[in-house]
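Undergrad: Right, I'll just put the structure down here and ask away after.
The values are calculated or read from the model by the stated rules, or taken from the named source; none is laboratory data. Fair warning: this is a prediction, and the values are worked out from it, not measured in the lab. Cβ placement follows ideal geometry from the backbone for every residue including glycine, while neighbour counts extend to all protein chains displayed.
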């Protein structure tokens with residue numbers, strides 16, 4: 001609402017290791033290319049592409065060291081600017097650890113977090129080895145200590161609203177209730193921003209960090225979601241909850257929020273533009289360009 | 001074959017005015033994002049996006065002044081490096097005027113041009129107001145004098161081979177014959193590089209500049225072609241020749257050429273990744289990102 005656009009940091013973070021899928025890196029590069037050009041500072045974390053080498057699991061987390069290295073680079077990039085707000089373009093969902101940790105430290109109790117996602121991202125290494133599913137837990141101070149170390153002021157569950165969350169596992173359902181988090185399914189939203197505004201007013205927060213995992217969108221309407229991986233094994237996504245929102249639904253909620261509060265964080269994650277990803281690989285086969 | 005990769009200039013040229021379609025700019029930005037990272041110098045010509053203002057036609061060419069300005073910027077970018085070879089990522093087909101003009105001046109009679117395209121690109125303002133259809137004519141010294149001025153050493157028709165060219169108009173058919181240019185249709189190629197190699201050997205050229213207009217590809221197999229414009233009017237492309245090659249066909253021809261000669265120029269044009277283009281517009285509606 002009142003953020004000076006020159007004080008917004010654009011952070012490009014083409015991280016793929018958190019989802020253990022090298023194509024997230026290409027998706028992040030495309031997302032950075034198609035986003036409106038930033039009016040403030042821009043930083044791009046150099047994330048190496050997959051080299052075919054091993055991706056070791058340490059303390060139950062795949063590519064843990066690479067992820068910690070990306071995290072440190074993202075923290076440094078943010079620290080160089082001390083921005084009022086951050087737009088982060090990923091990459092897998094874990095891209096939002098450093099940005100929201102920074103915003104939580106900066107704005108404290110005045111910050112609410114809208115987690116716009118089909119999935120709650122509160123697992124730990126005990127439940128799943130891909131850390132992109134751990135990021136909100138880590139932001140709340142729960143999970144692998146090396147990542148939680150990057151969160152000096154954890155976000156309280158009472159300050160988190162899930163927007164568009166679908167079916168959860170018993171572990172997730174219990175976690176959400178135990179930590180006083182609020183959830184709004186696509187059906188509870190029913191195309192209206194009002195339930196979000198009601199929660200936001202009750203929270204008392206005037207600053208809002210938004211996590212927008214594109215998989216909150218209905219995969220029957222958008223071709224750029226993980227579910228459309230042309231190389232996925234049959235049934236690869238069996239049992240994985242799918243989003244049921246339209247892009248316009250998310251935008252209208254965020255615009256309503258923007259009219260009542262300052263959106264100080266926006267992270268967009270899990271973009272998989274399959275046609276461009278395939279062409280990217282084809283380009284490597286052309287002489288002079290691909291070598 | 002023997003080009004030092006650090007002597008290859010990567011030239012990003014998000015020009016859209018030559019096709020009078022602002023979305024070429026987004027396509028060019030995506031193409032630059034998904035291409036293998038360059039090992040040599042990289043230049044990006046700053047092409048402003050469409051601002052909704054008029055696009056005046058001068059001497060029969062839409063946006064002529066803007067195109068001349070892009071041309072001057074591309075020439076300067078090339079001159080700063082005096083590269084041995086250039087990879088140009090567009091943008092509309094006219095992006096290849098400055099690069100091939102430079103290569104023709106540098107390599108002279110030793111240069112052959114492979115024009116991999118469903119269309120011959122030899123019209124003038126008398127036939128069509130969009131200058132992306134004029135580029136090869138201009139490179140041969142034929143067309144608007146202000147553009148032809150940028151071609152100190154025109155390419156001779158005998159040094160041009162069309163690869164994958166489909167149906168041509170009577171004007172085009174006559175032009176091609178009159179200037180001694182050679183054409184190979186998809187059916188004449190029949191999936192083999194041999195007709196290309198035979199022509200190349202006969203030409204005596206040892207350096208090759210390749211123009212790869214993606215519309216040489218079969219639109220029933222690739223979703224990133226102009227023909228798939230979701231906003232095109234019904235019958236907008238009626239009578240426009242369509243490509244009939246596969247990406248792998250083009251790659252196998254270029255690899256065979258690369259084994260016998262030095263590919264010193266590669267321009268890729270007319271990329272229209274519609275899903276990403278649509279998302280690009282949607283991103284502008286999100287608070288904090290789109291303003």
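Undergrad: For residue A:6, only one of the following conditions fails: (1) under 18 Å from residue A:94 (Cα atoms); (2) assigned to a helix (DSSP H, G or I). What is its number?
TA: That leaves (1) as the condition not met.
Undergrad: Any idea which residue in the range A:269-287 is nearest to the other protein chains (Cβ to nearest Cβ), counting only those that are surrounded by fewer than 22 Cβ atoms within 10 Å (Cβ to Cβ) and touching a strand residue (DSSP E or B) at 6+ places or on another chain (Cβ under 9 Å)?
TA: This residue is A:287.
Undergrad: Given the criteria within 14 Å of chain A (Cβ to nearest Cβ), at pLDDT below 95, within 26 Å of residue A:49 (Cα to Cα) and surrounded by fewer than 24 Cβ atoms within 10 Å (Cβ to Cβ), does residue B:38 qualify?
TA: Criteria not met by residue B:38.
Undergrad: Identify all residues within the range B:251-268 that are facing another protein chain (nearest Cβ under 8 Å) and part of a helix (DSSP H, G or I); write none if there are none.
TA: Within the range B:251-268, B:251, B:254, B:255, B:257, B:258 qualify.
Undergrad: Any residue that is buried (at least 24 other Cβ atoms within 10 Å of the Cβ), assigned to a helix (DSSP H, G or I) and touching a strand residue (DSSP E or B) at 6+ places or on another chain (Cβ under 9 Å) - is there at least one of those in the range A:82-93?
TA: Within the range A:82-93, one or more residues are buried (at least 24 other Cβ atoms within 10 Å of the Cβ), assigned to a helix (DSSP H, G or I) and touching a strand residue (DSSP E or B) at 6+ places or on another chain (Cβ under 9 Å).
One line per residue, one yes/no per condition, for (1) within 11 Å of chain B (Cβ to nearest Cβ); (2) at pLDDT 95 or above; (3) within 15 Å of residue B:33 (Cβ to Cβ):
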| site | (1), (2), (3) |
| --- | --- |
| A:4 | no, no, no |
| A:8 | yes, yes, no |
| A:14 | yes, yes, yes |
| A:21 | no, yes, no |
| A:26 | yes, yes, yes |
| A:31 | yes, yes, yes |
| A:42 | no, yes, yes |
| A:46 | yes, yes, yes |
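Undergrad: Then there's this: I'm trying to understand the selection: among the residues of the range B:219-231, which are more than 14 Å from chain A (Cβ to nearest Cβ) and in contact (Cβ under 8 Å) with a residue 12 or more places away in the chain?
TA: Passing the criteria: B:226, B:227, B:229.
Undergrad: Got a number for residues in the range A:48-60 being in a strand (DSSP E or B) and within 14 Å of chain B (Cβ to nearest Cβ)?
TA: Final tally of qualifying residues: 0.
Undergrad: Among the residues of the range B:232-243, are any over 16 Å from the mean Cα position of the chain (by Cα), on the phi < 0 side of the Ramachandran plot and within 13 Å of another protein chain (Cβ to nearest Cβ)?
TA: Among the residues of the range B:232-243, not one is over 16 Å from the mean Cα position of the chain (by Cα), on the phi < 0 side of the Ramachandran plot and within 13 Å of another protein chain (Cβ to nearest Cβ), which makes the answer no.
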